[in-house]
Amino acid sequence: MKNIKPYPTEDELPPIKTVNEVDFSAKYSYADYLRFEFEERLEIIKGYIFRMSPAPSRIHQGVLTNIFGPIYNILKGKPCHVYTAPFDVRLAKKTQKDKEIFTVVQPDLVVICDQSKLDKRGCIGAPDIVVEILSPGNSKKELISKYEVYEEAGVKEYWIISPEDKTFFRYLLDDQGKFQPTKLLTEGEKVTTPILPGFTLILEEVFQD
């Protein structure tokens, strides 16, 4: 009688080599995400796969650089860290087990002040600041879902920046764990945050091409 190899356990499932093997109607965990071997970047939000935009435009990358620079400079010698995509942020709920994490995102920029949240894979838990720079590829469903998971995870500040409209919008987490919207800002205005004492973001410089 032939030896019959048992069905592989979840830890032994084969790699997913092409994006064509992904079932966009199915639910995935971070354990599944680790099986992806293709180059296309995907995010998992509440278990569902979202395609990320193609290579960001030059304008997008310019805005990202103009935000990263001032934050990086103010953080020199301080415990907070700033990272830009691709950088995995795992928003775990009840457990940190890979197979039970159903949201893995790659924001354009994050600031993390709790070093215990950092590991060799990226960040597990809510960053202090999350920055998303809008592009034509962002869907309304994606933006709504990200708002919900960032609020639920406890992200203190969620910045949304539109290079096309040259606007800056921010949600602040209140004492009840709910996001509160702030004034829409644009060129000629400045941004400060208690998370980064001494930091000032000059929006005219952010949108400068």
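The values are calculated or read from the model by the stated rules, or taken from the named source; none is laboratory data. The shown structure was predicted, so the numbers you read here are calculated from the model rather than taken from an experiment. Cβ coordinates were reconstructed from backbone atoms using ideal geometry, including for glycine residues, and neighbour counts include every protein chain displayed.
Determine which single condition L203 fails, assuming it passes every other condition in (1) within 15 Å of the chain's Cα centre (by Cα); (2) in contact (Cβ under 8 Å) with a residue 24 or more places away in the chain.
(1)
For segment 137-195, name all the residues that are touching a residue at least 40 places away in the same chain (Cβ under 8 Å) and among the small types (G, A, S).
Within segment 137-195, G137, S139, S145, A153 qualify.
Taking segment 111-136 only, how many residues are closer than 13 Å to H60 by Cβ and without any contact (Cβ under 8 Å) to a residue 60 or more places away in the chain? Break it down into steps so the answer makes sense when it comes.
Taking segment 111-136 first, the residues closer than 13 Å to H60 by Cβ are 131-136.
Still in the running and without any contact (Cβ under 8 Å) to a residue 60 or more places away in the chain: 132, 134.
Going through segment 111-136 one residue at a time, the tally reaches 2.
Does F87 fit the bill of being assigned to a loop (DSSP other than H, G, I, E, B), of a type in the set (F, W, Y) and closer than 30 Å to G198 by Cβ? If you could, list the steps in order and put the result at the bottom.
Details: assigned to a loop (DSSP other than H, G, I, E, B): yes; of a type in the set (F, W, Y): yes; closer than 30 Å to G198 by Cβ: yes.
Taking the combined requirement at face value, the residue satisfies it.
Scan segment 199-209 for residues that are at pLDDT 95 or above and either in a loop (DSSP other than H, G, I, E, B) or out of contact with any strand residue (DSSP E or B) (no Cβ under 6 Å at 6 or more places or on another chain) (or both) and report the count.
Total satisfying the criteria: 6.
Given segment 107-183, what strands (runs of 3 or more DSSP E) lie entirely inside it while holding 1 or more residues that are over 23 Å from K94 (Cβ atoms)? Reasoning before the result, please.
Details: elements: 109-112, 122-124, 129-133, 157-162, 167-173, 179-181.
Qualifying strands (runs of 3 or more DSSP E): 109-112, 129-133, 157-162, 167-173, 179-181.
Taking G62 and the conditions (1) more than 17 Å from the chain's Cα centre (by Cα); (2) under 27 Å from V191 (Cβ atoms); (3) buried (at least 18 other Cβ atoms within 10 Å of the Cβ), which numbered condition does it fall short on, given that it satisfies the others?
(3)
Which residue is farthest from V82 (Cα to Cα), if the candidates are limited to segment 186-200 and must be out of contact with any helix residue (DSSP H, G or I) (no Cβ under 6 Å at 6 or more places or on another chain) and surrounded by 11 or more Cβ atoms within 10 Å (Cβ to Cβ)?
The selected residue is T186.
Please count how many residues of segment 96-144 are touching a Gly at 6+ places or on another chain (Cβ under 9 Å) and modelled with pLDDT under 95.
Counting residues in segment 96-144 that are touching a Gly at 6+ places or on another chain (Cβ under 9 Å) and modelled with pLDDT under 95 gives 1.
Give the residue, chosen from Q106, Q115, that is assigned by TED's automatic domain parsing to the domain that holds W159 and in contact with a Lys or Arg (Cβ under 8 Å, 6 or more places away or on another chain). Let's see the steps before the verdict.
Numbers: Q115 fails: in contact with a Lys or Arg (Cβ under 8 Å, 6 or more places away or on another chain).
Q106 is the lone residue from the list that is assigned by TED's automatic domain parsing to the domain that holds W159 and in contact with a Lys or Arg (Cβ under 8 Å, 6 or more places away or on another chain).
When you scan segment 103-110, do you find a residue that is free of Cβ contacts under 8 Å to residues at least 40 places away in the same chain and either over 17 Å from L42 (Cα atoms) or out of contact with any helix residue (DSSP H, G or I) (no Cβ under 7 Å at 6 or more places or on another chain) (or both), even just one?
yes
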